[in-house]
Structures are given as structure tokens and as C-alpha cells.
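Peer 1: I have a structure here, written as C-alpha cells, and I will follow up with some questions on it.
Please treat every number below as a calculation from the coordinates, not as lab data. Keep in mind that what you see is a predicted model, and the values were worked out from it rather than measured. All Cβ positions, even for glycine, are placed from backbone atoms using ideal geometry, and neighbour counts span all protein chains on display.
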Amino acid sequence: MIELLPSPDSVVAYRISGTIDASDYDNMIETIEAKLAKHPRIGIFADMTGFTDITGQALAMDFRYSLSKLGQWSRFPRAAMITDKAWMRAMVTMLDPLFPQFEAKIFEPGQESEAIAWAADLRS
């Protein structure tokens, strides 16, 4: 399940829990595209503490959507993630240097306000 959270207008903020399926991913893309229509750059915030799995169809959608935005990754300068999962921390730590167009940062559970504020700081 993906729940849209309150955030500044230039940030897409989600709480992601359980298993993500294609309809969840469709809703997420719709929200991102609506923000991109209003702002040249947006921040992303995801609380992943309740995430357990993603269906193959949703994973394929994620891959296709990411590829469609390949030349536009600079429109997503900051991505903040709340997680308590070591494998997610390792993935972000490993992948972040490979994509200089944006910056990803991990926050601890309980640091939601700080993470959203960081994602919203699009000055750089």
C-alpha cells in the first residue's frame, strides 16, 4: 500500500507498506507527474519502514518509468528515505555515488520531519 503524506508542494511524500502492486505504482506515478507539471524539480520522501515486497508487475513498471525519466533525473535532486532495513541502507549507500544527478539520504524512523525538510531543500 502507498499512502500519500502531507508535504511541501514541491515534495512527493509516501508511506510505503506491505506489498506494492501495479495499482499502487500507477497512483504513485500519477502523483509524481502532477508535481512535475507544476515544478521544474521535486524532492521525494519515502517512509519504507513497513515495506515488505513488490510484485513483478510493479517492479517492471518501476524500471520502465525510471528509464523514461533517464534524461530528466536532475528534476529529482533529492530523495529521502526512512528505513530500518539494513539491505535498503546498503543499496542506497552503494547506488548514490553512481547517480550524480541526484542525492539520496537515509534517515532513521522518527526523523520524518527532518527527512521531508531535507527533500524539500532544492536550492543546490
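Peer 1: Looking at the stretch 69-86 only, could you name the residues that are in a helix (DSSP H, G or I) and either more than 16 Å from the chain's Cα centre (by Cα) or surrounded by 15 or more Cβ atoms within 10 Å (Cβ to Cβ) (or both)? Even if it seems obvious, please write down each step before you answer.
Peer 2: Restricting attention to the stretch 69-86, the residues satisfying the condition of being in a helix (DSSP H, G or I) are 70-75, 86.
The answer is 71, 75, 86.
Peer 1: Turning to a different aspect of this structure: Conditions: (1) exposed (fewer than 13 other Cβ atoms within 10 Å of the Cβ); (2) over 14 Å from the mean Cα position of the chain (by Cα); (3) more than 18 Å from residue 118 (Cβ to Cβ). Residue 58 meets all but one. Number of the miss?
Peer 2: Every condition holds for residue 58 apart from (1).
Peer 1: Select from the stretch 40-55 the residues that are under 19 Å from residue 80 (Cβ atoms) and surrounded by 15 or more Cβ atoms within 10 Å (Cβ to Cβ) and list them in ascending order.
Peer 2: 41, 42, 43, 44, 45, 46, 47, 48, 49, 51
Peer 1: Of the numbered conditions (1) farther than 16 Å from residue 119 by Cα; (2) among the hydroxyl-bearing types (Ser, Thr, Tyr); (3) in contact (Cβ under 8 Å) with a residue 24 or more places away in the chain; (4) assigned to a helix (DSSP H, G or I), residue 66 fails exactly one; give the number of that condition.
Peer 2: For residue 66, the exception is condition (3).
Peer 1: Collect the residues in the stretch 58-82 that are out of contact with any Lys or Arg (no Cβ under 6 Å at 6 or more places or on another chain) and among the hydrophobic types (A, V, I, L, M, F, W, C), keeping them in residue-number order. Walk me through it before giving the result.
Peer 2: First pass over the stretch 58-82, keeping only residues out of contact with any Lys or Arg (no Cβ under 6 Å at 6 or more places or on another chain): 58-74, 76, 78-79, 81-82.
Hits for the stretch 58-82 are 58, 59, 60, 61, 63, 67, 70, 73, 76, 79, 81, 82.
Peer 1: Going through the stretch 55-71 one residue at a time, which ones are within 14 Å of residue 19 (Cβ to Cβ) and either in contact with a strand residue (DSSP E or B) (Cβ under 9 Å, 6 or more places away or on another chain) or among the small types (Gly, Ala, Ser) (or both)?
Peer 2: 55, 56, 58, 59, 62
Peer 1: Considering the stretch 1-22 alone, what residues qualify as being among the acidic types (Asp, Glu) and either loosely packed, with under 15 Cβ neighbours inside 10 Å or part of a strand (DSSP E or B) (or both)?
Peer 2: Narrowing the stretch 1-22 to residues among the acidic types (Asp, Glu): 3, 9, 21.
3, 9, listed by residue number.
Peer 1: May I ask you to list the residues in the stretch 102-124 that are touching a residue at least 40 places away in the same chain (Cβ under 8 Å), touching a Ser or Thr at 6+ places or on another chain (Cβ under 8 Å) and not in a helix (DSSP H, G or I)?
Peer 2: Those that are touching a residue at least 40 places away in the same chain (Cβ under 8 Å), touching a Ser or Thr at 6+ places or on another chain (Cβ under 8 Å) and not in a helix (DSSP H, G or I): 109, 122.
Peer 1: Here is a follow-up. Given the condition aromatic (Phe, Trp, Tyr), over 16 Å from residue 11 (Cβ atoms) and within 16 Å of the chain's Cα centre (by Cα), answer yes or no: does some residue in the stretch 100-108 qualify?
Peer 2: No, there is no match, as no residue in the stretch 100-108 is aromatic (Phe, Trp, Tyr), over 16 Å from residue 11 (Cβ atoms) and within 16 Å of the chain's Cα centre (by Cα).
Peer 1: Let me spell it out: the conditions are (1) in contact with a Lys or Arg (Cβ under 8 Å, 6 or more places away or on another chain); (2) under 28 Å from residue 86 (Cβ atoms), and residue 19 meets all of them except one. Which number is the exception?
Peer 2: (1)
Peer 1: Would you check if there is a residue in the stretch 39-57 being assigned to a helix (DSSP H, G or I) and over 13 Å from residue 12 (Cβ atoms)?
Peer 2: Filtering the stretch 39-57 down to residues assigned to a helix (DSSP H, G or I) leaves 56-57.
Keeping just the survivors that are over 13 Å from residue 12 (Cβ atoms) gives 56-57.
Yes - at least one qualifying residue is present in the stretch 39-57.
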